[in-house]
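Here is the structure we will look at, set down as structure tokens.
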Amino acid sequence: MEKNLICINCPQGCHLTINTASETGDFTVTGNRCPRGQTYAIQELTDPRRVVTAVVPTNCHALPYLPVRTDKPLPKTLIPDLLNSLYKMRVDAPKAMGDIILENYKNTGVNVIASETL
Amino acid sequence: MEKKNCYDLAVIGGGAAGLSAAAVTASASRRTLVIDREDHLGGILRQCIHNGFGLRYFKEELTGPEYAERLAVSAQKAGAEFALGTTVTELKRLPDGTFELETLSAKDGVRIIHARAVLLAMGCRERNRGNIATPGTRPAGVFTSGTAQKLLNLEGRLPGKKAVIIGSGDIGLIMARRLRWCGIEVQAVVEIMPFPSGLTRNIVQCLNDFNIPLWLEHSVVEICGKDRVEGVEVAPLVNGTPDMGRKFHIDCDTLLFSVGLVPENELAISAGVKLNPATGGAMVNGDYQTSVPGIFSAGNVLHVHDLVDFVSEEAIRAGQCILRYLEGRTAQTPGNSALAGANLKYVIPNRYFTGQRTYFSFRSMIVTNNGTLTVSCGDRVLLKKVLPFVRPAEMVNLELNEELLSDGGELTFSLEKGTEVK
Ligand SMILES: Cc1cc2nc3c(=O)[nH]c(=O)nc-3n(C[C@H](O)[C@H](O)[C@H](O)COP(=O)(O)OP(=O)(O)OC[C@H]3O[C@@H](n4cnc5c(N)ncnc54)[C@H](O)[C@@H]3O)c2cc1C
Ligand code: SF4
């Protein structure tokens, strides 16, 4: 089976072709200009993930919305649920950049961290 | 100059450019003041909450606010001083070659600041509907994508429920995903060019991930709605003219314009700085010095950058040149010109000094792979280089060493088309 993808790891945007061997299920990736393309292609076919960013309301007048992000890419299917939980939250000052806002989301090992000091 | 309002360097703008340069001059014990009209440091980065910043400069993938905070902390640690919530309203060169800045803030009212050198780091502003003349009514619900980004990310306000984005620049693409993640529908992105103007990775992760249609070679020919936007009429372009026979309607209550950025240079003009029509920024020499001695420029106010990492690098180089200026070690000659030839929109700097290592940045007007860049001086070719990947959306950088530039003379940069891109 052949699939085409575009690598999103850097601005080059290589056009990747992934062939799956029918017996073994092994992947061969072509079109990548660096090894990251191969890792990305296999990840994208087996378990697509994205880093999620959002803002969360705070109790602080000077910074009413705190920017946050996941510290690792999260499985794509979980993104809408995570966003819903974040929009319902409120964080209280003080928070340092990098502080965990939501820990180990749904046991994925992915944390949501503060992108800015509050 | 140890008086209260006297500085070695006044930096106008506390974004990536201003902060990066201030860290350089302050750590060399030059008294540096960074002035920004906002109450927070970081400039446009603060509203860019998405990730994708800093891979080159910090070797890590950061969000805009994280990148900004790191720069702010290092400028602070280096000893730079800050005047926030303060707008520079006038910039004047005095007869003795120093500068007077008039500033305005809610706290201090009008204040005069003196500086031996000035760095213009005011960033850029978005083009809006007026700049590209879209016909139709003037209802509510029309924003530039940067304004919508600010509303959403800094003020937590949703611009509408159903959006159409005009222009496929990166800010518009990033906003498409952001709107979707906020539960706002994105009906379409409409682009007049035959190719997207943003990065491919943003097309994939911001449009394709959400099945948002991208209409290339299409134009919004009418905005509908009286008090609030109710939709747009879109038509395909045939040889640059809309084919009204094939016009169609898209419903929306919100319209975002993402049609490019222009450097914000009113202050520079008033100080007598000569601008470059190709960039909208100042003309600068190999030291990032403008036509007014002692005024330097870096970052988006000089030319629009796609990567903040390049903004930091450019501003650091400018900071080092400013240090040399403050020590009286700057070349006193006008230098030689550097020109953009075939297929290039501009080259920065516009002048270079004979025998001084110079870092050039330029932007292509064509899409090509394996294009050949040629740098020539008269009929002598100084350098030929194959560029594997050339896009108008991406700035190209090239450093030329002392040896290559040892003879002086007018340089021309040109780009020859390589292989066709589908
Ligand atoms: C919306 C948007 C999205 C972007 N997304 C990305 C991305 O995903 N990845 C990436 O690498 N790069 C991205 N960029 C590019 C990068 O972030 C910018 O090029 C960079 O941050 C610009 O830095 P700067 O310091 O030149 O300008 P700015 O950050 O704009 O800073 C200029 C500062 O000057 C201040 N100022 C202006 N005039 C005055 C005055 N008269 N008095 C006082 N202060 C003044 C302003 O308030 C502002 O704080 C994006 C740019 C924009 C505009
Ligand atoms: S394969 Fe490597 S070079 Fe190509 S887009 Fe991915 S990360 Fe960039």
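The values are calculated or read from the model by the stated rules, or taken from the named source; none is laboratory data. All values reported here derive from a predicted model rather than from experimental measurement. Don't worry about glycine lacking a Cβ; one is built from the backbone with ideal geometry, like all the others, and counts go over all protein chains shown.
Just one residue in the set A:P57, A:P75 is touching a residue at least 12 places away in the same chain (Cβ under 8 Å), farther than 24 Å from B:N153 by Cβ and more than 16 Å from ligand 1 (Cβ to nearest atom); that residue is A:P75. Exactly one residue among B:R177, B:R228 is among the basic types (K, R) and either free of Cβ contacts under 8 Å to residues at least 24 places away in the same chain or crowded, with 19+ Cβ neighbours inside 10 Å (or both), and that residue is B:R177. Any residue in the stretch B:310-321 that is in a helix (DSSP H, G or I), touching a Leu at 6+ places or on another chain (Cβ under 6 Å) and buried (at least 24 other Cβ atoms within 10 Å of the Cβ)? Scanning the stretch B:310-321, I find no residue that is in a helix (DSSP H, G or I), touching a Leu at 6+ places or on another chain (Cβ under 6 Å) and buried (at least 24 other Cβ atoms within 10 Å of the Cβ), so the answer is no. Of all residues in the stretch B:323-338, those that are modelled with pLDDT of 90 or more and surrounded by 12 or more Cβ atoms within 10 Å (Cβ to Cβ) have Cβ atoms under 6 Å from Cβ atoms of residues that are basic (K, R) and not in a loop (DSSP other than H, G, I, E, B), 6 or more apart or on another chain, in B:G335/B:R351; B:S337/B:R351. Can B:T200 be described as without any contact (Cβ under 8 Å) to a residue 12 or more places away in the chain and under 30 Å from B:V421 (Cβ atoms)? In short, yes. Considering only residues in the stretch A:43-54 that are surrounded by 15 or more Cβ atoms within 10 Å (Cβ to Cβ) and in contact (Cβ under 8 Å) with a residue 24 or more places away in the chain, the one that is farthest from B:R180 (Cα to Cα) turns out to be A:L45. Of the listed requirements (1) more than 11 Å from every other protein chain (Cβ to nearest Cβ); (2) at pLDDT 95 or above; (3) within 20 Å of B:D309 (Cα to Cα), B:G79 misses just one: (3). Looking at B:G160, B:G198, just one residue is of a type in the set (G, A, S) and within 23 Å of the chain's Cα centre (by Cα), and that residue is B:G198.
Once the stretch B:200-213 is narrowed to residues that are surrounded by fewer than 19 Cβ atoms within 10 Å (Cβ to Cβ) and touching a helix residue (DSSP H, G or I) at 6+ places or on another chain (Cβ under 9 Å), the residue that is nearest to the other protein chains (Cβ to nearest Cβ) is B:D209. Among residues of the stretch A:1-32 being touching a residue at least 12 places away in the same chain (Cβ under 8 Å), assigned to a loop (DSSP other than H, G, I, E, B) and surrounded by 14 or more Cβ atoms within 10 Å (Cβ to Cβ), the one that is nearest to the other protein chains (Cβ to nearest Cβ) is A:I8.
For the stretch B:215-257, the set of residues classified as of a type in the set (F, W, Y) and out of contact with any helix residue (DSSP H, G or I) (no Cβ under 9 Å at 6 or more places or on another chain) consists of B:W215, B:F248, listed by residue number.
Of all residues in the stretch B:13-33, exactly one satisfies the criterion of being part of a strand (DSSP E or B) and either under 22 Å from B:Y57 (Cβ atoms) or within 16 Å of ligand 2 (Cβ to nearest atom) (or both), namely B:T32.
If you go through the stretch B:189-199 and keep only what is more than 18 Å from A:T53 (Cβ to Cβ) and crowded, with 21+ Cβ neighbours inside 10 Å, you end up with B:V189, B:V190, B:E191, B:P196.
Here B:E61 passes the criteria (1) among the charged types (D, E, K, R); (2) more than 8 Å from chain A (Cβ to nearest Cβ); (3) surrounded by fewer than 24 Cβ atoms within 10 Å (Cβ to Cβ) except the one numbered (2). At pLDDT below 95, closer than 26 Å to B:P293 by Cβ and assigned to a loop (DSSP other than H, G, I, E, B) - does that describe any residue in the stretch B:382-395? Checking the stretch B:382-395: not a single residue is at pLDDT below 95, closer than 26 Å to B:P293 by Cβ and assigned to a loop (DSSP other than H, G, I, E, B). Based on what the data block shows, is B:G85 within 14 Å of chain A (Cβ to nearest Cβ) and touching a strand residue (DSSP E or B) at 6+ places or on another chain (Cβ under 6 Å)? In short, yes.
Under the condition of being of a type in the set (D, E) and crowded, with 18+ Cβ neighbours inside 10 Å, the residues counted in the stretch B:64-89 number 2. All of B:L152, B:L179 fail the test of being modelled with pLDDT of 90 or more, away from ligand 2 (no atom under 16 Å from the Cβ) and under 24 Å from B:A393 (Cα atoms), apart from B:L179.
For A:I113, the criteria (1) within 13 Å of A:V52 (Cα to Cα); (2) part of a helix (DSSP H, G or I) hold in every case but one, which is (2).
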